[in-house]
Amino acid sequence: MITTARAGAGVTKSLTHGPSHRGDQIFRWVVRAAGLVILVLLAAIAVFLFVEAIPALTSDKANFFTTKAWDPDQSQVFGIAALAFGSVVSSIIALVIGVPIAVAVALYIAQYASKAIARPLGYVIDLLAAVPSVVFGLWGLLWLVPDLIPVGQFLNTYLGWIPIFASTNQTYGKSMFAAGVVLAVMILPIVAAISREVFVQTPTEHIEAAYALGATRWEMVRMAVLPHGRSGVISAIVLGFGRAVGETIAIALVLSASNVISIHILDPAGATIAANIANKFGDAGGIGRSALIASGLVLFAITLIVNFGARAVVRRSSREKKA
């Protein structure tokens, strides 16, 4: 008995202090260091933006968040009211159009399509995510914008009683709606790819239990697949929003830049923070460059707020699922 106990203690000691345990410790420290690097980089970016934005914020701090005009180097009157509005509105339009299509594509690949169709379609979705932004911008400028003019006319004619679809000048073209459609195409592969991976990982037991209760395919998806993938879909939407709100070249090509706030998304007007930085940074002076960096700080804050809000929603849904 004593020999057996000593042997067991020796095995336990070797398992605790052996090479495997040291490997676990090394891996734990490496992963922890990687997480700290991300936090340090995030803090460094925030500090850099804040320090560089101080001259602009102090020279025009009373009007920076409410002024729509942008002329920092000449009249020193500038603000991000119209730019922030355009960034948020174009991103929301992209999410409204792109997310339902992306989730439907992900569900089709994960639950409906055969392997012969699902695999090539998944490759196409992944390749679409690798297309450069300038290609989307040129496609939107040369093909999509002209073809969206009849769509804008249709929306104005039959849905013009809704303020967002009412056009004041009826010229359409480079509008916030066109920018939103381009952004929707750009975020579609991101949302679809992440949602697909989440839906594929639905436990087989949940699916078989739904079928055992007599559920149809759609009822199984609604009761088993969608609840299991809710947090993943929310994360995909947040990533898509980050891609949309930070897009530069495509929006600069598709959207007719004008610092106005208008709820009429079919009118050729509007601007975004990212596109304004891309258009103005090369010619900006001292105060103008600081103002552009200040607007970048606001964009940084918007993305952080959206991410924290999404994390709160995911955490709450996880608690409800456990309850």
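The values are calculated or read from the model by the stated rules, or taken from the named source; none is laboratory data. Since the model is a prediction, treat every value here as computed from it, not as a measurement. With ideal geometry, Cβ positions are generated from the backbone for all residues, glycine too; neighbour counts draw on all protein chains shown.
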Check Ser175, Ser195 and return the single one that is within 25 Å of Phe85 (Cα to Cα) and either of a type in the set (Ser, Thr, Tyr) or not assigned by TED's automatic domain parsing to the domain that holds Ile265 (or both).
-> Ser175
Among what's in segment 109-129 and is crowded, with 16+ Cβ neighbours inside 10 Å and without any contact (Cβ under 8 Å) to a residue 12 or more places away in the chain, pick the residue that is nearest to the chain's Cα centre (by Cα).
-> Ala118
Selection over segment 52-72 where residues are in a loop (DSSP other than H, G, I, E, B) and in contact with a Lys or Arg (Cβ under 9 Å, 6 or more places away or on another chain) yields a count of 1
Can you tell which of Gly229, Gly246 is touching a helix residue (DSSP H, G or I) at 6+ places or on another chain (Cβ under 8 Å) and buried (at least 22 other Cβ atoms within 10 Å of the Cβ)?
-> Gly229
Name, by its number, the condition in (1) small (Gly, Ala, Ser); (2) modelled with pLDDT under 90; (3) in contact with a helix residue (DSSP H, G or I) (Cβ under 6 Å, 6 or more places away or on another chain); (4) part of a helix (DSSP H, G or I) that does not hold for Gly152.
-> (3)
Go through segment 168-193 residue by residue and tally those that are in a loop (DSSP other than H, G, I, E, B) and aromatic (Phe, Trp, Tyr).
-> 1
Based on what the data block shows, is Ala215 at pLDDT below 90, surrounded by 16 or more Cβ atoms within 10 Å (Cβ to Cβ) and assigned to a loop (DSSP other than H, G, I, E, B)?
-> yes
Could you please find all residues in segment 57-107 being buried (at least 20 other Cβ atoms within 10 Å of the Cβ) and free of Cβ contacts under 8 Å to residues at least 24 places away in the same chain?
-> Gly79
Using the structure shown, decide if Ile92 is in the same structural domain as Leu304 (by TED's automatic domain parsing), at negative phi and under 19 Å from the mean Cα position of the chain (by Cα).
-> yes
For Ile54, work out the one condition from (1) surrounded by 11 or more Cβ atoms within 10 Å (Cβ to Cβ); (2) modelled with pLDDT of 90 or more; (3) β-branched (Val, Ile, Thr) it doesn't fulfil.
-> (2)
Residues Glu197, Glu205, Glu219: which one is of a type in the set (Asp, Glu) and touching a residue at least 24 places away in the same chain (Cβ under 8 Å)?
-> Glu197
Could you check how many residues of segment 67-89 are of a type in the set (A, V, I, L, M, F, W, C) and within 16 Å of the chain's Cα centre (by Cα)?
-> 3
Do you know which of the residues in segment 190-209 that are under 16 Å from Tyr112 (Cα atoms) and of a type in the set (A, V, I, L, M) is surrounded by the most Cβ atoms within 10 Å (Cβ to Cβ)?
-> Ala192
Among the numbered criteria (1) surrounded by 13 or more Cβ atoms within 10 Å (Cβ to Cβ); (2) without any contact (Cβ under 8 Å) to a residue 12 or more places away in the chain, which single criterion is violated by Leu39?
-> (1)
Can you find a residue in segment 266-286 that is over 24 Å from Phe64 (Cβ atoms), modelled with pLDDT under 85 and surrounded by 17 or more Cβ atoms within 10 Å (Cβ to Cβ)?
-> yes
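Each row is one residue, and each column tells you yes or no for (1) within 14 Å of the chain's Cα centre (by Cα); (2) assigned by TED's automatic domain parsing to the domain that holds Met186; (3) among the aliphatic types (A, V, I, L, M).
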site	(1), (2), (3)
Leu253	no, yes, yes
Ser262	no, yes, no
Leu266	no, yes, yes
Ile273	no, yes, yes
Ala284	no, yes, yes
Val298	no, yes, yes
Leu304	yes, yes, yes
Asn307	yes, yes, no
Arg315	no, yes, no
